[in-house]
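Notes follow the structure.
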Amino acid sequence: MKWLRPIVGVTLGTWLLVGLGYPLVMTGISQILFPYQANGSQIRVNGQVVASQHVGQYFNQPQYFWGRPSATTPPYNPEASGPSNLGPTNKLLLEHVKARIKALQESIPGLKVSQIPISLVESSGSGLDPDITVQSALIQIPRVAKATGLSEGFLTRLVDQHVLGPQFGIFGKDRVNVVELNLAVYEALHPHKSS
């Protein structure tokens, strides 16, 4: 049984170091150096958490910009992150894409299929993509303007103000965070209700 004592000691020591010590130290460092990110990049309105900057939200009201479709809908479920796993020849995938194209065309009169960015009709791999392309935001301006009474020029400026460059300046393309853009629309519509 003498051989058991060092095994138990190493196991407990490793557990304390790796299972308890390391996470506590990393949590402490992240809270000091990066508190916003460490707490989930929370977006607050009037002191209440309404979203995370890095998790997509489901918008289908005409007065807001719509995000990238999610395979978790309907209903939208951020806890069920994941793709649909439907292949390009799958009839169900084609039906989903056609339905999304139809919804966009019905909400934006005169919109041609060739103008619709693919990211507005195909769901993202995670199902929780928070960003859309700049073009995906711009084509929605007529619908948002009509529903809100805000001018197309004002909404174009809002989109321009919310364009994010490539990640770290090199990865990906310009994009727009839908939650932040819609929060700006909400603030324009309710200037005294948000802070």
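The values are calculated or read from the model by the stated rules, or taken from the named source; none is laboratory data. What you see is a predicted model, and the numbers here were worked out from it, not measured in a lab. No Cβ is skipped: glycine too gets one built from the backbone with ideal geometry, and neighbour counts run over all protein chains shown. These area figures cover heavy atoms from the full protein model, side chains too; ligands, DNA and RNA do not enter into them. Shrake-Rupley method; radii C 1.70, N 1.55, O 1.52, S 1.80 Å.
Here residue 11 meets each of (1) at pLDDT 85 or above; (2) within 21 Å of residue 190 (Cα to Cα); (3) open to solvent by 50 Å² or more (accessible area, probe 1.4 Å) with one exception, condition (2).
How about the stretch 160-195: which of its residues are closer than 21 Å to residue 55 by Cβ and of a type in the set (Val, Ile, Thr)? Passing the criteria: 163, 176, 178, 179, 185.
Condition test on residue 57, is it polar (S, T, N, Q), open to solvent by 50 Å² or more (accessible area, probe 1.4 Å), modelled with pLDDT of 90 or more and closer than 20 Å to residue 140 by Cα? When the stated conditions are applied, residue 57 does not pass them.
Each row is one residue, and each column tells you yes or no for (1) touching a Gly at 6+ places or on another chain (Cβ under 8 Å); (2) closer than 17 Å to residue 180 by Cα.
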site: 26; (1), (2): no, no
site: 66; (1), (2): no, yes
site: 72; (1), (2): yes, no
site: 76; (1), (2): no, no
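Number of residues in the stretch 170-189 that are free of Cβ contacts under 8 Å to residues at least 24 places away in the same chain and either over 23 Å from residue 63 (Cα atoms) or not in a helix (DSSP H, G or I) (or both) equals 3.
Tell me the residue from 80, 71 that is over 29 Å from residue 160 (Cα atoms), in contact (Cβ under 8 Å) with a residue 12 or more places away in the chain and of a type in the set (A, V, I, L, M), please.
On the way: 71 fails: over 29 Å from residue 160 (Cα atoms).
From the options 80, 71, the qualifying one is 80.
Residue 167: open to solvent by 70 Å² or more (accessible area, probe 1.4 Å) and in contact (Cβ under 8 Å) with a residue 12 or more places away in the chain, yes or no? Here the answer is no, as residue 167 does not meet what is asked.
If we scan the stretch 177-191, do we find a residue that is under 23 Å from residue 71 (Cα atoms) and of a type in the set (D, E, K, R)?
The initial filter retains those residues of the stretch 177-191 that are under 23 Å from residue 71 (Cα atoms), namely 177-182.
Restricting the remaining residues to those that are of a type in the set (D, E, K, R) gives 180.
Scanning the stretch 177-191, I find at least one residue that is under 23 Å from residue 71 (Cα atoms) and of a type in the set (D, E, K, R), so the answer is yes.
Please verify whether the stretch 33-45 includes one or more residues that are surrounded by 10 or more Cβ atoms within 10 Å (Cβ to Cβ) and either in contact with a Cys (Cβ under 9 Å, 6 or more places away or on another chain) or assigned to a helix (DSSP H, G or I) (or both). Yes: the stretch 33-45 contains one or more residues that are surrounded by 10 or more Cβ atoms within 10 Å (Cβ to Cβ) and either in contact with a Cys (Cβ under 9 Å, 6 or more places away or on another chain) or assigned to a helix (DSSP H, G or I) (or both).
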